[in-house]
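The values are calculated or read from the model by the stated rules, or taken from the named source; none is laboratory data. Just so you know, these numbers come straight off a predicted model, no measurement behind them. In this analysis, Cβ positions are derived from the backbone assuming ideal geometry, glycine residues included, and neighbour counts consider all displayed protein chains.
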Amino acid sequence: IWEGKRQLFYFNRLKSERKCVIIITIIHWCQARGDFPLAFRNEGEEIIMNYNISLIPGDGIGPEIVAEAKKVLDSVCQKYHHTFSYSEVLLGGASIDVHGVPLTEEAISTCKASDAVLMGSIGGDAKTSPWYKLEPSKRPEAGLLAIRKALNLFANLRPAYLYKELEEACPLKKEVIGEDGFDMIIVRELTGGLYFGERKTIEEDGVKKAIDTLSYNENEIRRIAIKAFDIAMKRRKKVTSVDKANVLDSSRLWRKVVEEVAKDYPEVTLEHMLVDNCAMQLVHDPGQFDVILTENMFGDILSDEASMVTGSIGMLSSASLNETKFGLYEPSHGSAPDIAGQNKANPIATILSAAMLLRYSLNLDKEADAVEAAVQKVLTDGYRTGDIMSDGCKAVGTKEMGDLIAAAV
Ligand code: IPM
Ligand code: MG
């Protein structure tokens, strides 16, 4: 039976030995046809999964943190008897060095042919790296924007959650954090707005002038709003839609469309908030937020702010999804070239992104829970990378953190 890209085989009424023989025969048959991935389903439960995952190590600390996330995925495979096949894909500076461009057609097709993509980070030090001598459309960041567009990844989910263990690393006062801490998710529109509008730099009467365009159509707004409301239904049922409707036309349309979508979700409370106020509320009373729904640029800025109040941007995962189950998963942080290759980076954001990949793209909830619980356990046991270190805790490097989490799975 075909289910999306996967074939499912049902065996409910066969004896175990017969199942083994048949499974092995089918694996051989599919390998010969190049037909992976497969799933085998027994009494409603899938028993062997084979998925294709594209890995984009990228630049800076990217290769180190992706290696640790892969280690954790390998331990998930071992424990739950799945097999993941990996294809490495070049993006950003790593692709410029080999192909002269930050993203190739081949990279796009490899990603499209896989079930999900796990990415590290891209980009280098803009002051020193030769990548930034290239014209803007050939720089590492252009590759990231192009892959988001090519894969139609319009929905960027960025959870910001305060671990009890990390309260010390949170820059907010105890009374601001409150008893219950905070747990929010930013739903950022990712393929529209200023990032993808027309832009140019011209000269008028000897004066240089640069133009960026911010545009949204109602369909782009509607599909991201629906995502946010769907997510809110599985959480605390509150959506805060963030805009600048006191100034921008695109924000006024945003508000109107979000209100229309809200009518289909009577259980969800909707509030609108201006972006400047939201920036303030995030450090004044972060506990008030459940789902923050916002456009591309505001989401970029607010998600960095939200991540910092969790203690470290090194903890924050993200998922970028299209209309199907396919997604690209990456930490919310950048490539930190200053600490690259030194075994200092915190791999947790990437490991938690891998957990999101298991949950959203592969439907492996149990396995995703196991990864999240493993991260929680290692923090409870007092292990910390430099960015989240506090008194009395045990300092570890990137690799050791990955080893500990993989072992805890
Ligand atoms: C992010 C990053 C990117 C963005 C950059 C690297 C282009 O800051 O994913 O938040 O602005 O979207
Ligand atoms: Mg950003």
Given the criteria hydrophobic (A, V, I, L, M, F, W, C), away from ligand 2 (no atom under 16 Å from the Cβ) and not in a loop (DSSP other than H, G, I, E, B), does Ala94 qualify? yes
Selection from segment 152-191 of residues hydrophobic (A, V, I, L, M, F, W, C), more than 14 Å from the chain's Cα centre (by Cα), assigned to a loop (DSSP other than H, G, I, E, B) and surrounded by fewer than 22 Cβ atoms within 10 Å (Cβ to Cβ) yields Cys170, Leu172
Exercise. Is segment 134-145 home to any residue that is small (Gly, Ala, Ser), in a helix (DSSP H, G or I), within 13 Å of ligand 1 (Cβ to nearest atom) and in contact with a Ser or Thr (Cβ under 9 Å, 6 or more places away or on another chain)?
Worked result: yes
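Okay, residues lined up against (1) in contact (Cβ under 8 Å) with a residue 24 or more places away in the chain; (2) among the aromatic types (Phe, Trp, Tyr); (3) outside any loop (DSSP other than H, G, I, E, B):
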| position | (1), (2), (3) |
| --- | --- |
| Leu194 | yes, no, yes |
| Thr201 | no, no, yes |
| Tyr216 | yes, yes, no |
| Ile221 | yes, no, yes |
Those residues of segment 117-133 which are away from ligand 2 (no atom under 15 Å from the Cβ) and either in a helix (DSSP H, G or I) or surrounded by 17 or more Cβ atoms within 10 Å (Cβ to Cβ) (or both) amount to Val117, Leu118, Gly124, Ser129, Pro130, Trp131, Tyr132, Lys133
In segment 322-349, anything within 19 Å of Met389 (Cβ to Cβ) and touching a strand residue (DSSP E or B) at 6+ places or on another chain (Cβ under 8 Å) is listed as Pro331, His333, Ala336
Exactly one of Tyr265, Tyr216 is touching a Ser or Thr at 6+ places or on another chain (Cβ under 6 Å), buried (at least 17 other Cβ atoms within 10 Å of the Cβ) and more than 28 Å from Lys174 (Cβ to Cβ), and that one is Tyr216
Check: Based on what the data block shows, is Leu270 under 21 Å from Lys237 (Cβ atoms), surrounded by fewer than 24 Cβ atoms within 10 Å (Cβ to Cβ) and either at pLDDT below 95 or aliphatic (A, V, I, L, M) (or both)?
Finding: yes
